[in-house]
Amino acid sequence: QLQLVESGGGLVQPGGSLRLSCAASGFSLDYNALDYYAIGWFRQAPGKEREGVSCISSDSGILKYADSVKGRFTISRDNAKNTVYLQMNNLKPEDTAVYYCAASTPYSDYVCVSRGYVGMESWGKGTLVTVSS
């Protein structure tokens with residue numbers, strides 16, 4: 001499994017922006033870069049179930065977003081830096097949650113077209129995003 005570390009969370013006012021980063025490491029010899037993995041962003045608000053926010057395939061050819069964030073969030077990746085980003089604009093109080101990134105198994109881009117991006121293997125520990133005035 002990969003090691004994933006999220007960063008970039010914090011407190012922001014409604015209408016503000018944040019960019020989350022997900023740095024990956026711990027690659028195997030056979031799959032030694034992020035290029036082989038689909039990456040998803042998930043969030044869990046207090047008292048709610050975890051939900052899939054966005055997903056990006058290994059080559060960025062598939063980009064998926066939850067309806068609640070379409071038009072406001074943008075997922076991207078820099079495979080040379082083994083990092084995936086989530087740019088979040090026009091943040092709303094209901095975006096408040098712990099945000100997690102997760103990686104698929106190698107060659108598993110299909111997870112991005114599954115309901116809720118089911119099938120992720122590796123998970124980070126999360127970063128807290130609080131949207132409040």
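The values are calculated or read from the model by the stated rules, or taken from the named source; none is laboratory data. Values in this document were obtained by computation on a predicted structure and should not be read as measured data. Cβ placement follows ideal geometry from the backbone for every residue including glycine, while neighbour counts extend to all protein chains displayed. When the accessible area is computed, the model is the full protein with side chains, heavy atoms only, and any ligands, DNA or RNA have been set aside. Shrake-Rupley method; radii C 1.70, N 1.55, O 1.52, S 1.80 Å.
The rows are residues; the columns are (1) buried (at least 17 other Cβ atoms within 10 Å of the Cβ); (2) in contact with a Cys (Cβ under 8 Å, 6 or more places away or on another chain); (3) within 16 Å of Gln44 (Cβ to Cβ).
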| site | (1), (2), (3) |
| --- | --- |
| Ser68 | no, no, yes |
| Gly71 | no, no, no |
| Ile75 | yes, yes, no |
| Lys81 | no, no, no |
| Leu91 | yes, no, no |
| Asp95 | yes, no, yes |
| Tyr100 | yes, no, yes |
| Tyr107 | no, no, no |
| Val131 | yes, no, yes |
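Could you tell me whether any residue of the stretch 37-45 is assigned to a loop (DSSP other than H, G, I, E, B) and either over 14 Å from the mean Cα position of the chain (by Cα) or at pLDDT below 95 (or both)? Break it down stepwise before answering.
Of the residues in the stretch 37-45, the ones assigned to a loop (DSSP other than H, G, I, E, B) are 37-38, 45.
So of that shortlist, the ones also either over 14 Å from the mean Cα position of the chain (by Cα) or at pLDDT below 95 (or both) come out as 45.
Checking the stretch 37-45: at least one residue is assigned to a loop (DSSP other than H, G, I, E, B) and either over 14 Å from the mean Cα position of the chain (by Cα) or at pLDDT below 95 (or both).
Evaluate the stretch 50-64: report whether one residue or more is in contact with a Ser or Thr (Cβ under 6 Å, 6 or more places away or on another chain), over 13 Å from Gly126 (Cβ atoms) and open to solvent by 20 Å² or more (accessible area, probe 1.4 Å). So that I can check it myself, show each step before the final result.
Taking the stretch 50-64 as the starting set, the residues that turn out to be in contact with a Ser or Thr (Cβ under 6 Å, 6 or more places away or on another chain) are none.
So far as the stretch 50-64 goes, no, none of its residues is in contact with a Ser or Thr (Cβ under 6 Å, 6 or more places away or on another chain), over 13 Å from Gly126 (Cβ atoms) and open to solvent by 20 Å² or more (accessible area, probe 1.4 Å).
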Please go through (1) within 15 Å of Ile56 (Cβ to Cβ); (2) at pLDDT 95 or above for Trp123 and return the number of the only condition it doesn't satisfy. (1)
Can you tell me which residue is most open to solvent (accessible area, probe 1.4 Å) among those in the stretch 111-123 that are among the hydroxyl-bearing types (Ser, Thr, Tyr) and touching a residue at least 24 places away in the same chain (Cβ under 8 Å)? Tyr117
Search result, residues across the stretch 97-133 that are over 23 Å from Ala23 (Cβ atoms) and not in a helix (DSSP H, G or I): Ser114, Val118, Val131, Ser132, Ser133
Filter result (within 18 Å of the chain's Cα centre (by Cα) and either open to solvent by 60 Å² or more (accessible area, probe 1.4 Å) or under 18 Å from Pro93 (Cβ atoms) (or both)) within the stretch 12-35: Ser17, Leu18, Arg19, Leu20, Asp35
When the stretch 73-93 is examined, which residues are found to be without any contact (Cβ under 8 Å) to a residue 12 or more places away in the chain and assigned to a strand (DSSP E or B)? Asp78
